[in-house]
Amino acid sequence: MTENLVLGKKIAEGKTKIVYESTNANEVILEFKDDITAGDGLKHDVIPGKGYLNCAISAKLFEVLESAGVPTHFIKYIPPNYLIVRKVTMLPVEIVCRNIAAGHLLQRFPVKAGDPLNPPLVEFFLKDDELHDPMLNDMHMAYLKLANRDECDEIRKITLQVNDALKEFFASKGIILVDFKIEVGRDGSGRFLVSDEINGDSCRLWAETEKGKIFDKDVYRKGGSLEEVKNVYVTLYKKLIGQEPKY
Ligand code: UDP
């Protein structure tokens, strides 16, 4: 067991993470698993070391956001694969922000792959694998009692702050932030905090100089070998953290 870490009762387990109670009632502990999934969980594999890489990358990106003044749930990274985070009530919504047209957007709208999206596009999707995560507008959000109109505006504002901070950070590493997904939760006072994880599983990241080179889960979605996928996560770790992986 990792030093100084006391895992409480398991609260929830998802496809790539387990949530545990902590000794502090205002915090929970996230364990990043080595599982990788795509297509609403239909494609599933295990890549040893992936949980560590994604956890360390998430910690780094949450630090970048905190430094930029974006409210997040992040408290502390406990290597190799645990985050101590503020306890929030998660909104079951995926918030996607797009700078360049890619992925599912191409199937839904008359846009071409690689088209710049200026201003960036922010979209909401209900987290529901059986319904294939349907898109939500502000009226659906209110009808489903997920968030009222003002809260939808607030979530969009936070998402665009995340975009600005991450775009700048990735650019400093020679990486283009094409799009990403975040999730938010409400803390005890109802304030939205950027929560969950942010890493190569939840972003599209393209090399600035080498056309076609990518550093994200699309390698897995498009059928790359597990070794190729692992190499992509290792490369992303090295670019963002600036050192060799330790575990
Ligand atoms: N994304 C995610 N989880 C999902 C769906 C999408 O993290 O369940 C991320 C994805 O990695 C990409 C962005 O959200 O960076 C936009 O994804 P898109 O809607 O294009 O769907 P995809 O083609 O990735 O399924």
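The values are calculated or read from the model by the stated rules, or taken from the named source; none is laboratory data. Bear in mind the structure is a predicted one, so any value in this text is a computation, not a measurement. Ideal geometry is used to build each Cβ from the backbone, glycine not excepted, and the neighbour counts take in all protein chains shown.
What the table shows:
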{"item": "Residues (touching a Lys or Arg at 6+ places or on another chain (Cβ under 6 Å), part of a loop (DSSP other than H, G, I, E, B) and surrounded by fewer than 21 Cβ atoms within 10 Å (Cβ to Cβ)) located in the stretch 197-246", "result": "none"}
{"item": "Residue check for Asp45: under 23 Å from Leu91 (Cα atoms) and either small (Gly, Ala, Ser) or in contact (Cβ under 8 Å) with a residue 24 or more places away in the chain (or both)", "result": "no"}
{"item": "Scope the stretch 82-93; condition in a strand (DSSP E or B) and either surrounded by fewer than 19 Cβ atoms within 10 Å (Cβ to Cβ) or away from the ligand (no atom under 12 Å from the Cβ) (or both); matching residues", "result": "Tyr82, Leu83, Ile84, Val85, Arg86, Thr89, Met90"}
{"item": "Candidates Gly185, Gly174 - the one that is on the phi > 0 side of the Ramachandran plot, of a type in the set (Gly, Ala, Ser) and either modelled with pLDDT of 95 or more or crowded, with 19+ Cβ neighbours inside 10 Å (or both)", "result": "Gly174"}
{"item": "Selection from the stretch 131-148 of residues that are assigned to a loop (DSSP other than H, G, I, E, B) and in contact (Cβ under 8 Å) with a residue 12 or more places away in the chain", "result": "His132, Asp133, Asn137, Leu144, Leu146, Ala147"}
{"item": "Residue count, the stretch 149-196 (criterion: within 30 Å of Ala25 (Cα to Cα) and in a loop (DSSP other than H, G, I, E, B))", "result": "6"}
{"item": "All positions within the stretch 199-225 that are under 10 Å from the mean Cα position of the chain (by Cα) and either modelled with pLDDT under 95 or within 9 Å of the ligand (Cβ to nearest atom) (or both)", "result": "Gly200, Asp201, Ser202, Cys203"}
{"item": "Extreme residue, nearest to the ligand (Cβ to nearest atom), among residues of the stretch 98-120 that are in contact with a strand residue (DSSP E or B) (Cβ under 9 Å, 6 or more places away or on another chain) and part of a helix (DSSP H, G or I)", "result": "Leu105"}
{"item": "Count of the stretch 12-42 residues which are part of a strand (DSSP E or B) and touching a residue at least 24 places away in the same chain (Cβ under 8 Å)", "result": "9"}
{"item": "Residue match in the stretch 134-145 (condition: within 21 Å of the chain's Cα centre (by Cα) and near the ligand (Cβ under 10 Å from one of its atoms))", "result": "yes"}
{"item": "In the stretch 143-170, residue surrounded by the most Cβ atoms within 10 Å (Cβ to Cβ) [restricted to those that are under 30 Å from Thr235 (Cβ atoms) and among the aromatic types (Phe, Trp, Tyr)]", "result": "Phe170"}
